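Undergrad: Following this message is one structure expressed as structure tokens.
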Amino acid sequence: MALISPSRRLRRTPFSDGVEAAGVKAYTVYNRMLLPTVFRSVQEDYHHLKEAVQIWDVSCERQVELRGPDASRLMQLLTPRDLRTMLPGQCYYVPIVDETGGMLNDPVAVKLADDHWWISIADSDLLLWVKGIAYGYRLDVLVDEPDVSPLAVQGPKADELMARVFGDTVRDIRFFRFKQLSFQGRMMVVARSGYSKQGGYEIYVEGSDIGMDLWNALMEAGRDLDVHAGCPNLIERIEGGLLSYGNDMDDDNTPHECGLGKFCNTQTAIGCIGRDALLRVAKEGPVKQIRAIAIEGDPLPSCDRHWPLLAGGKVVGRVSSAAWSPDFGTNVAIGMVRMTHWDAGTELTVQTPASQLSAIVQENFWI
Ligand code: THG
């Protein structure tokens, strides 16, 4: 592939200088912002993520900020997950659906206060939808994209590294909770979350000016922990079944098709947009659903279009993400499979650009 031409429309981040100094080898574009995808190699980054600790520039997880008396009401309009018992200090993984029940995004909602939320978005223009809803419903709420950039600290040594920079209090933060902690006299939201199954934190850095100070402090404090710049890892996220909006699902899919039914309480999420449509699909059940799929053969190229899944010559699904897993010695993949063929152990054929390969539907993801 050729290079990407830099311009103002393709936004740098507060940590881009650190990412470049660390020798980033490839980027993707996410929310019109640079997102690193490779430092040493996808496989070396994968092993290192599972053994040590990495600092990830995930600034592209932009925040949609809701501020004002109707902030909580707006948040509940956006998602079929029941938010009534959610407290400030909590984060929820929330499907966002349109009026047909189609997935618009799968962000992390951060509740700062009853009248103050951040929606930490995946790659779609959610800000426009949220501003439109707020305006159309005449809500008393400000909707904007603030200068907030998440920096993730992921891997088995993340607790030790974070304790050195933010103090031992980080060890007491529970999964999907956050504390406000000080760094160089600035308060930052520090959550136990992140787009890997290796454990770790996300620091929501407010104000681009302090980005590199924090990046450098983490790099220096973790030298003996073998800290390295990293990024969401394709192999590790497929093994863990972490979905990628725009790759594994889009607005043609319901949350139930995505296996996100457990994050929907459509009966009690009164007022949520798409509620009627979702009540119908929840009752009938989805006719296709996300599955873990093992693909036999040599390491596969990256999946940059849907690969058809076939049974008896007929299309019964598609693969949307795939990678060679060194730890499991097979190609691991995420696909959408029709009900008739989604049982664990079902043998299918996948049509990759190069060849037809045997694919087996798995009971669960690998980790
Ligand atoms: N962190 C933050 N913002 C984000 C992401 C993130 N925005 C974009 C993208 N990632 C949104 N998608 C996801 C997908 C999965 C998870 C989080 C965001 C995730 N899932 C856990 C799992 O599946 O194991 C569990 C969630 C739960 O149990 O509540 O973490 O990563 N800030």
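The values are calculated or read from the model by the stated rules, or taken from the named source; none is laboratory data. Bear in mind the structure is a predicted one, so any value in this text is a computation, not a measurement. Glycine gets a Cβ as well: all are built from the backbone with ideal geometry, and neighbour counts include every protein chain shown. Each accessible area value is taken on the protein alone, full model and side chains, heavy atoms only, with ligands, DNA and RNA left out. Shrake-Rupley method; radii C 1.70, N 1.55, O 1.52, S 1.80 Å.
Undergrad: Could you check the range 41-92 and list, in sequence order, the residues that are open to solvent by less than 10 Å² (accessible area, probe 1.4 Å), of a type in the set (Asp, Glu) and farther than 22 Å from Pro326 by Cα?
TA: Asp57
Undergrad: Yes or no: the range 277-299 includes at least one residue that is open to solvent by 30 Å² or more (accessible area, probe 1.4 Å), closer than 30 Å to Val153 by Cβ, away from the ligand (no atom under 13 Å from the Cβ) and out of contact with any Cys (no Cβ under 7 Å at 6 or more places or on another chain).
TA: yes
Undergrad: Do you know which residues across the range 308-332 are closer than 22 Å to Glu51 by Cα and assigned to a strand (DSSP E or B)?
TA: Matches in the range 308-332: Ala323, Trp324, Ser325, Thr330, Asn331, Val332.
Undergrad: For the condition surrounded by fewer than 20 Cβ atoms within 10 Å (Cβ to Cβ) and among the small types (Gly, Ala, Ser), what is the one hit in Gly211, Gly200, Gly207, Gly222?
TA: Sole residue among the options that is surrounded by fewer than 20 Cβ atoms within 10 Å (Cβ to Cβ) and among the small types (Gly, Ala, Ser): Gly207.
Undergrad: Restricting to the range 281-293, count the residues that are at pLDDT 95 or above and either farther than 17 Å from Met339 by Cα or charged (D, E, K, R) (or both).
TA: 2
Undergrad: In the range 333-367, which residue that is of a type in the set (S, T, N, Q) and part of a loop (DSSP other than H, G, I, E, B) is farthest from the chain's Cα centre (by Cα)?
TA: This residue is Ser355.
Undergrad: Please work out which residue is nearest to Val205 (Cα to Cα), limiting yourself to the range 105-150 and to residues that are part of a loop (DSSP other than H, G, I, E, B), open to solvent by less than 30 Å² (accessible area, probe 1.4 Å) and within 15 Å of the ligand (Cβ to nearest atom).
TA: So, considering only residues that are part of a loop (DSSP other than H, G, I, E, B), open to solvent by less than 30 Å² (accessible area, probe 1.4 Å) and within 15 Å of the ligand (Cβ to nearest atom), the one nearest to Val205 (Cα to Cα) is Pro146.
Undergrad: How about the range 311-347: which of its residues are more than 20 Å from Gly246 (Cβ to Cβ) and open to solvent by less than 10 Å² (accessible area, probe 1.4 Å)?
TA: Result: Val316, Ser325, Asn331.
Undergrad: Right, another one. I'm trying to understand the selection: among the residues of the range 151-162, which are away from the ligand (no atom under 16 Å from the Cβ) and open to solvent by less than 20 Å² (accessible area, probe 1.4 Å)?
TA: Once the filter is applied, which keeps residues that are away from the ligand (no atom under 16 Å from the Cβ) and open to solvent by less than 20 Å² (accessible area, probe 1.4 Å), the range 151-162 yields only Leu161.
Undergrad: Filter the range 1-36 down to residues that are in contact (Cβ under 8 Å) with a residue 24 or more places away in the chain and buried (at least 18 other Cβ atoms within 10 Å of the Cβ), then give me how many there are.
TA: Of the residues in that region, 14 qualify.
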